[in-house]
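Comments concern the structure below.
The values are calculated or read from the model by the stated rules, or taken from the named source; none is laboratory data. The model shown is predicted, which means the values in this text are computed figures rather than measured ones. For neighbour counting, all protein chains shown are included, and Cβ atoms are generated from backbone atoms with ideal geometry for every residue, glycine included. When the accessible area is computed, the model is the full protein with side chains, heavy atoms only, and any ligands, DNA or RNA have been set aside. Shrake-Rupley method; radii C 1.70, N 1.55, O 1.52, S 1.80 Å.
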Amino acid sequence: MINIRKVDKWFGDHQVLKEVSLDVDKGEVVVIIGPSGSGKSTLLRTINGLENIQAGEIVVDNINVHQCEQNCLAARQKTGMVFQQFNLFAHKNVLENITMGPIHVQKKTRTEAEKIARSLLQKVGLPEKEAAYPSRLSGGQQQRVAIARSLAMMPQVMLFDEPTSALDPELIQEVLEVMKNLASEGMTMVVVTHELGFAREVADRIVFIDDGQITENACTEDFFLKPNNERTRQFLSRIL
Amino acid sequence: MYKLDFTVLIEFLPAIMDGLRMTMAISALAIIGGTICGVTGALARTSQSRFLRLLSGCYVEWIRNTPLLIQIMFIYFGLGAFLNFPPVLASVVALSFFSGAYITEIIRAGIQAVAKGQREAALSIGMTQRQTLWLVIMPQAIKKILPPLAGQFISLIKDSSLVSTIAVAELSYVGKNIVTTTFRAFEMWLAIALFYFILSFTLSMAVRRLERRLAESD
């Protein structure tokens, strides 16, 4: 579903990604962890072209994302993205936030889009909030709406960029719950997170990034029980 | 001793009204023209192209650092040496370019004040750059733009009095003519000032109502 081949990415003269390669199969849940500044969010953002790359290639569902503008737009329709800061459209209410993509990008009718939106609001547990503006919602509620907004585009892959890092501790669970349900329905997911409990429970595979390189790429059990890499062991011992 | 006599206002009311209508027409056209210049300027100023950014920057700096009176003179007499401009058209063009430079900066600031994440979220659901700008960024920028924009429009109405120097029969020009024939300077200029006040104040009230309506999603 996602094939990342030898990707290099520079910010000025600082190299953030160094020959990164990673494959994600259909239906797989891959969690990316690593110290801050290691390049994990940047890697996620290159998958839907929010960041460009200087070398290598990224293929999402047979589309070479960075080849041209059209490919990039097409890839974005196949990938949903959930941000740390939610980024709900502040001038639109909950229902409009979710219907915007289907109406303007997929050219669905308003009725059709609203039907999809309402069923997704049901799914993320917020059917009563459809007329509320984002500023009236808690962080957890905003993030659940943001997930619904992404799902409304019927993506093949969901990318999560530290979806719970900006949330108060008591609101984290409600968002993780939605993500767990999504994983159990077979959604392909790439998740950058610090929630190791979630990773352990939901991930099929865990990727450890350090200083722009993937230093560990193992199935979840192996990752926690017998990490190969010294750096991974250090990281785990510090936070577990 | 000067004795106040406001009957002159009644006598010349039709002429004053003609002047008022001319001021309103010039201001309205220049508000439209200035907004077009401003939106174009702001899009150029925030575009990917270095050339467009530079061009827009030059426009803004040139206009902001020269007097409006000189710009009006330059367009009417200067360009008038090559093209035959009627004074009303020259006025509208000069005022549009003038206010457009300030509006460029107001809109640019508004666009850049919209959180970066809004743009990324729009792109991530597959919107094109254009859809992102007009469906997500601009509607949010408007709220931040509106108060300084209203201030700019009000300045424009007041600045339009400067086109009396090229004999456009707007409010100030009419006032000056009446004063020269009647010598009722105090009454006339007070009345003219009052008309400008009514125009500007009405506009700022209208904008305040609009702001309240747009604040719905805050």
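Quick rundown of the values:
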{"item": "Filter result for the condition that a residue is open to solvent by 60 Å² or more (accessible area, probe 1.4 Å) and within 14 Å of chain B (Cβ to nearest Cβ), over A:Glu51, A:Glu69, A:Glu19", "result": "A:Glu69"}
{"item": "Residue among A:Gly139, A:Gly56 that is at pLDDT below 95 and more than 20 Å from the chain's Cα centre (by Cα)", "result": "A:Gly56"}
{"item": "Residues (surrounded by 18 or more Cβ atoms within 10 Å (Cβ to Cβ) and at the interface with chain A (Cβ under 10 Å from one of its Cβ atoms)) located in segment B:142-156", "result": "B:Lys143"}
{"item": "Segment B:191-218: number of residues that are open to solvent by less than 90 Å² (accessible area, probe 1.4 Å), farther than 19 Å from B:Ala28 by Cα and free of Cβ contacts under 8 Å to residues at least 40 places away in the same chain", "result": "1"}
{"item": "Qualifying residue in segment A:106-122 (condition: of a type outside the set (Gly, Ala, Ser), within 11 Å of chain B (Cβ to nearest Cβ) and more than 23 Å from A:Leu43 (Cβ to Cβ))", "result": "yes"}
{"item": "Within segment A:151-240, strands (runs of 3 or more DSSP E) holding 3 or more residues that are open to solvent by 30 Å² or more (accessible area, probe 1.4 Å) and touching a strand residue (DSSP E or B) at 6+ places or on another chain (Cβ under 8 Å)", "result": "A:213-219"}
{"item": "Residue within segment A:74-94 that is assigned to a helix (DSSP H, G or I), in contact with a helix residue (DSSP H, G or I) (Cβ under 7 Å, 6 or more places away or on another chain), at pLDDT 95 or above and not charged (D, E, K, R) present", "result": "yes"}
{"item": "Test set (1) over 25 Å from B:Pro139 (Cα atoms); (2) more than 9 Å from chain B (Cβ to nearest Cβ); (3) buried (at least 21 other Cβ atoms within 10 Å of the Cβ) - A:Thr79 fails condition number", "result": "(2)"}
{"item": "Selection from segment B:115-127 of residues that are more than 7 Å from chain A (Cβ to nearest Cβ) and surrounded by fewer than 21 Cβ atoms within 10 Å (Cβ to Cβ)", "result": "B:Ala115, B:Lys116, B:Arg119"}
{"item": "Residue that is free of Cβ contacts under 8 Å to residues at least 40 places away in the same chain and away from chain A (no Cβ under 14 Å), where the choices are B:Ile137, B:Ile63", "result": "B:Ile63"}
{"item": "Search result, residues across segment A:93-119 that are touching a residue at least 24 places away in the same chain (Cβ under 8 Å) and open to solvent by 20 Å² or more (accessible area, probe 1.4 Å)", "result": "A:Asn93, A:Val105, A:Gln106, A:Ile116"}
